[in-house]
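Written out below as structure tokens is the structure these notes cover.
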Amino acid sequence: MRRRRVLCGAAGAVGAAGARRVAGAARMATVAAGAIAGFGPLAGCAVAQAQAQAQAQVQTSGAAAPHRWPAEADGFAALDGGTAALDGVAAARRFDIRSRAELDAALRLGDQPKLLRIHGRIDLAVGRGAAAFADPAFDFDAYCRAYAPEAWGRRPPTGALEEARQRSARRQAEAVVVPLPPHTTLVGATPDAGFADGTLMLDGAHHVVLRGLHFHGVQDHFPAWDPLDGARGEWNSDYDAVALRRSHHVWVDHCHFESAWPARQQVFERLLQSNDGLLDITRASDLVTVSWCRFAGHDKTMLIGGSDNHRDDDGRLRVSLHHNLWLRCAERTPRVRYGRVHLANNLFVLPAAGAYGYSIGLGHRARIACEANVWESGAGVADARLVRVLARSLEDVQFSDSGSLHNGRAIRLGDVLRGAHPPPAAAAHPPAAAAAHPPPPAAVAPADFAPPPVRGLVAASEVAGLVRAGAGAHASS
């Protein structure tokens, strides 16, 4: 592997494109300034040079001041020391990455602090498709004939074909799931920097930063048919573009998530899933901030908390989601179990009513605080559809909302939710027994936690323009 040190003179190439109304040189310089600012050893002449170039271009073009990328994490990721991966990376551990081989070699540094500048779109499958991973005994058409509902019924698939599918799935996972070790920073160095056909897996990682990157998702060649999932069965895939498990102090900033392989085909009259989520945060992960990101055109977009049975999630899964654009996402933006989640200044641009499920899902023991978020939708999407209670017990969830808008109209989603789920009526008791039978609690209580501060909060009336311009793997004004 060729290792290239990141030098001050090359700083103008760091990051993705900046303000759309600013000329190309200014865009690249602006991103360089934002991306480098938090990297300690990379600051200095590179930042000054990049900012001067950007300001000169802005002044001559007459454009507005560019959106500036912050130097440090905020929200939950900033607690207890913050994402220290941005600081103190030795020059010998800063690399330019242009291939899967170079990525693997750099990650073999393990938990040593390292900064990887990603150039271009890296194919994590290295060009391999279904034929490269399929077990010799697996045939998809035969699989569908064997486990068709009319032939197999409602029982878990077993037998040679299911075993061959599982072997095939394991071979693909071993090839395309890339574990990220602790103290790893990945930053986009070109406008198209990012990853396709693979998963970045943070399992037991900490102090990780992902910034200025495009995530194109995974094509699952061997999805599983589960006849017991729902009333009619479902196809399921395990692959997320980015997955967090047992990880903490993670900052995902100015990234673009959009699957290159959205599910479109139906088998057994159910959607054949080609991938799962875009960014899932599960298994007791904690202290995570996702800021200024763009999530587009997905179904099961973001899961926080993977199961009601993951009781060790309780007290963890503290996540800040701010200034993100959720564009035509059907549901799970996010869907939460156990977590304490702060959503602030997010913009939800909904798909057509028939393709839309919900935005915010309240699962088992979820606590969500919303602040000045904005929804834009076409006809047929009522306020009550924006938040859905998925918990078995209404008393199990907490939800607060203030300052939000739906199609320019002020809404109070907490009141909408409580109106849709009123508290049960109090039973009548004689006066002497009333003290022993207090009234039942409100069905959906307000969130009982105070979120840590996040930068740049504005009134909801300013959110749409701000987030449209600034979210994603660019730095628009």
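Each reported figure results from applying straightforward, stated rules to the coordinates on display, with no laboratory input. What you see is a predicted model, and the numbers here were worked out from it, not measured in a lab. Note that we place each Cβ from the backbone using ideal geometry, even for glycine, and neighbour counts take in every protein chain shown.
Given the Cα-Cα distance of Asp192 and Glu395 and 0.36 nm per residue of separation, how much length would full extension add, in nm? The partial results should precede the final answer.
On the way: separation 203, 0.36 × 203 = 73.08 nm, distance 4.58 nm.
Length difference between fully extended and current span is 68.5 nm.
The stretch 376-425 and the stretch 296-341 have their alpha-carbon centroids 17 Å apart.
Ratio of Rg to Rh for the stretch 98-175: 1.20 [Cα atoms; Kirkwood radius as inverse mean 1/r over pairs].
The Cα-based radius of gyration and maximum Cα-Cα distance (Dmax) for the stretch 203-245 are 14.9, 42 Å.
Projecting label points 7 angstrom from Cα along Cα→Cβ for Arg455 and Arg246 puts them 3.3 nm apart.
When the alpha-carbon atoms of the stretch 262-415 are used, the pair Rg, Dmax equals 14.9, 44 angstrom. Label sites at Arg270 and Arg108, each approximated as a point 7 angstrom past Cα along Cα to Cβ, lie 4.2 nm apart.
Note on Ala410 and Asp314: the extension gain reaches 31.3 nm, defined as 0.36 nm multiplied by sequence separation minus the Cα-Cα distance. In order along the stretch 111-125, phi translates into HN-Hα couplings of 8, 5, x, 8, 10, 10, 9, 8, 10, x, 8, 9, 7, 6, 8 Hz, rounded to whole numbers, per the Karplus curve 6.51 cos²θ - 1.76 cosθ + 1.60 with θ = phi - 60° and x for Gly and Pro.
Work out how much length Arg145 to Ala160 would gain on full extension: take 0.36 nm times their residue separation and subtract the Cα-Cα distance, in nm to one decimal. Can you show the working numbers first?
Values: separation 15, 0.36 × 15 = 5.40 nm, distance 1.33 nm.
Extra length from Arg145 to Ala160 when fully extended: 4.1 nm.
Between Ala382 and Ser402, the simple spin-label model (points 7 angstrom out along Cα→Cβ) gives 2.8 nm. Less than 19 Å from a label point 7 Å out along the Cα-to-Cβ axis of Arg167: which backbone N atoms in the stretch 210-248 qualify, by residue? 221-225, by backbone N distance to the label point. Summarising the amide proton neighbourhood of Ile281: residues at separation of 5 or more, or on other chains, whose placed amide H is nearer than 5 Å comprise Leu244, Leu303, Ile304, Gly305.
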